[in-house]
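Below: one structure, written as structure tokens.
The values are calculated or read from the model by the stated rules, or taken from the named source; none is laboratory data. Note that the coordinates shown come from a computational prediction; the quantities given were computed from them, not determined experimentally. When we count neighbours, we look across all protein chains shown, and the Cβ atoms used for this are built from the backbone with ideal geometry, even at glycine. What goes into the accessible areas is simple: the full protein's heavy atoms, side chains included, and nothing from ligands, DNA or RNA. Shrake-Rupley method; radii C 1.70, N 1.55, O 1.52, S 1.80 Å.
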Amino acid sequence: MAVCLAAALGVSAQKPVSPPAGGKAISDELIGIFFEDISSAADGGLYAELVQNGSFEYNPSERDGWGPGTAWRTIRPGHSLGYIQSRSENPIHPNNPVYMRLNIERVGHYYDFRGWTGFGIQNDGFDGFSLKAGAKYNFSAFFRNVEGEAKQVRVALVEQQPGWGRDPKLIADAVIDVTSPDWKKYEVELTAAEDAPKATLQILALAKGVMDVDMVSLMPQDTYKGHGLRKDLAEALEALHPKFMRFPGGCVVHGGGDGFWDTYRWKTTVGPKEQRRGLKNTWGYHQSMGLGYFEYFQFCEDVGMEPLPILPCGVSCQGTNGGWGMKDQAQDWVPMDQMDEWVNEALDLIEWANGDVNTKWGRVRAEAGHPKPFNLKYLGLGNEERISPEFIERFKYIYNKVTAAHPEIVIVGTAGPGSHPGNRDFEAGWKLADELGMPILDEHYYEPRDYFLTSRQYDNYPRDRKTKVYLGEYAAKDKKLIDALAEGLYLLHVERNGDVVCMTSYAPLFARKNATNWNPDLIYFDNDNTFLTCSYYVQQMFGQSSGNYYYGDCVKIDDASNLQGQSVVLNTKTRQLFVKICNAGAEAKKASIDLSRFKSLKTVATKTVITGQPDDENNDSQQPIKPQTETVKIKKKMTVDVAPYSITMWQIAL
């Protein structure tokens, strides 16, 4: 398999160009993305839901001091009285057992011109709700009128005003009549009257009695393609031009540090939101699963990426219960007589993604709103587990069962953590891959920038090996421009070895500014802004320049060292040629470019440059590093100046 098996998306309507001699076929899926729910990447991030803990399922096992009332507070305007209780008897669904009971003892008298009264609860969201004037928001919740007359419930978006005793400013409100003694979903549309960067949501009962509430939601109507993802964050990913997305992890796949009870199970993330089972996140918070497998697959379809889901294969992360610090590292595994459960997890996922609507799981997909198959091609089994004898036995079992049932699915295995030659797990993982004839093996490594500046790991990989490389997690350990250039040099090396390496994805992808578990990350964000790192723009450049043929002898850099690199990539389908030169050194260089073999080359090109000082960093207050683009005249033979600390790309039509 000279290149990855999935076809490139977005093929030009033009007739493909024939590649001239001197090139070699490479993967046209080299740049993808890896989404893991780390650093609040999902709830409070890509998932556009504004309410935090809307299901009241937060608990102390996830974080000390947490409970059903986390992110909520009791409110009693107009001198109302009452109290709240978290309960779990007769819930909406067993997967979400906890709800909140409002015991309303007195509704106060109206005491100002707005009639601000009632007893209820307030949600502060993720550092408040950032509301936009004129924007529409969909509120929904399940209510149950337990005792007393039918109740009017006021739903209000408000912004607190500075100063003691001042009433909050009203941004939007509506009144719902809660009449049913059984759980019922109520919905209303709210329109923000003005901008409010720190708004809150209030739910106020206006009559005495007892009422239950659960699954509270406030969702902006303006989401990415109407599918519930935060628009600016999703668009930042789309702008990377990724060819695939790996999800949902990462260590969240197999229980991380908590064992099998905390293993991610895709089947509990694809139904109605009230039926999804929340989970303790490996990184110390709660996953609501509002962003579940259905949303992942839908997002891949919306962007034009291949989905690459990762499933556990019966072996836990070796980090369980502090195992990362142990000499041989802890690892748990299921008994072999229980492995069919994990096999079925994979087989059922394939049926859910690709099955006809008349199949059991294809019908579940159709009922969720997607009758057409998602056309899954890739499936990952395992995530950087220690390649122990127990892992090997279980991986072989699930691999053989899945490939026998679905030979059309391309399986991605794992080479363990620290995927460098000589590493024990790396060597064992590759031995297993060779034995099974595995299509793709997933390597992971995070290293200081010097590694990426000097290492050329893939130059020495066997060219006749059936198994190709997916570099699924990597990054230099800082986010300065010099780190991004080091990654750029390494990606030039990957392009040169695009017959061996078929996929890459930087990690981690997202981090909320005030809830960061890991540094560096590709994209930082708060409620209103995205902060795109230097590495983001380098990734974007390589995503824009994907192609299926590599030419290594068209560019000569004077006095080149490990700090300089180049590539020429041809996309025969879109008839585009991409010339890239990276200079991570302190001195300017000259480069000779000879494109004579490309006969139909146009004389005008788009030139993009990323450059600055080596310690420049895109942070909250400053974004000094951004690509600079211009239209330039070119010749088939030319000499160019390459600035220090820069990466330059010429995009040329054929």
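Within region 599-615, the set of residues being of a type outside the set (S, T, N, Q) and open to solvent by 40 Å² or more (accessible area, probe 1.4 Å) comprises LYS599, LYS602, VAL604, LYS607, ASP615. Of the strands (runs of 3 or more DSSP E) lying entirely inside region 38-129, those carrying at least 1 residues that are over 25 Å from GLY271 (Cα atoms) and open to solvent by 50 Å² or more (accessible area, probe 1.4 Å) are 72-75, 81-87, 99-106.
Output yes when any residue across region 261-269 is in contact (Cβ under 8 Å) with a residue 12 or more places away in the chain, charged (D, E, K, R), open to solvent by 20 Å² or more (accessible area, probe 1.4 Å) and touching a strand residue (DSSP E or B) at 6+ places or on another chain (Cβ under 7 Å), and no when none is. No, the conditions are met nowhere in region 261-269.
Of everything in region 160-186 that is of a type outside the set (A, V, I, L, M), part of a strand (DSSP E or B) and at pLDDT 95 or above, the residue that is nearest to ILE104 (Cα to Cα) is ASP177. The number of residues in region 298-337 that are part of a loop (DSSP other than H, G, I, E, B) and either at pLDDT below 80 or surrounded by fewer than 21 Cβ atoms within 10 Å (Cβ to Cβ) (or both) comes to 12.
Rundown of residues vs (1) aliphatic (A, V, I, L, M); (2) buried (at least 21 other Cβ atoms within 10 Å of the Cβ), yes/no style:
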site: ARG424; (1), (2): no, no
site: TRP430; (1), (2): no, yes
site: LEU436; (1), (2): yes, no
site: PRO439; (1), (2): no, yes
site: THR454; (1), (2): no, no
site: ARG463; (1), (2): no, no
site: ALA475; (1), (2): yes, yes
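Looking only at region 477-501, count how many residues are open to solvent by 10 Å² or more (accessible area, probe 1.4 Å) and under 25 Å from GLN622 (Cβ atoms). Of the residues in region 477-501, 5 are open to solvent by 10 Å² or more (accessible area, probe 1.4 Å) and under 25 Å from GLN622 (Cβ atoms).
Pairs, please: C-beta under 8 Å, at least 6 apart or cross-chain, first residue open to solvent by less than 60 Å² (accessible area, probe 1.4 Å) and in region 395-410, second part of a helix (DSSP H, G or I) and polar (S, T, N, Q)? Here the result reads ILE409/THR403, each pair linking region 395-410 to a residue that is part of a helix (DSSP H, G or I) and polar (S, T, N, Q).
For ARG87, the conditions (1) modelled with pLDDT under 95; (2) more than 31 Å from the chain's Cα centre (by Cα); (3) of a type outside the set (Gly, Ala, Ser) all hold with the exception of (1).
If you go through region 399-429 and pick out every residue that is over 22 Å from ARG456 (Cα atoms) and in a loop (DSSP other than H, G, I, E, B), you end up with 4. Just one of (1) open to solvent by 10 Å² or more (accessible area, probe 1.4 Å); (2) under 23 Å from LEU81 (Cβ atoms) fails for ASP212. It is (1).
Of all residues assigned to region 384-394, at least one qualifies as being within 22 Å of the chain's Cα centre (by Cα), touching a residue at least 40 places away in the same chain (Cβ under 8 Å), open to solvent by 10 Å² or more (accessible area, probe 1.4 Å) and under 17 Å from MET503 (Cα atoms).
Just one of (1) in contact with a helix residue (DSSP H, G or I) (Cβ under 6 Å, 6 or more places away or on another chain); (2) assigned to a loop (DSSP other than H, G, I, E, B); (3) crowded, with 18+ Cβ neighbours inside 10 Å fails for TRP352. It is (2).
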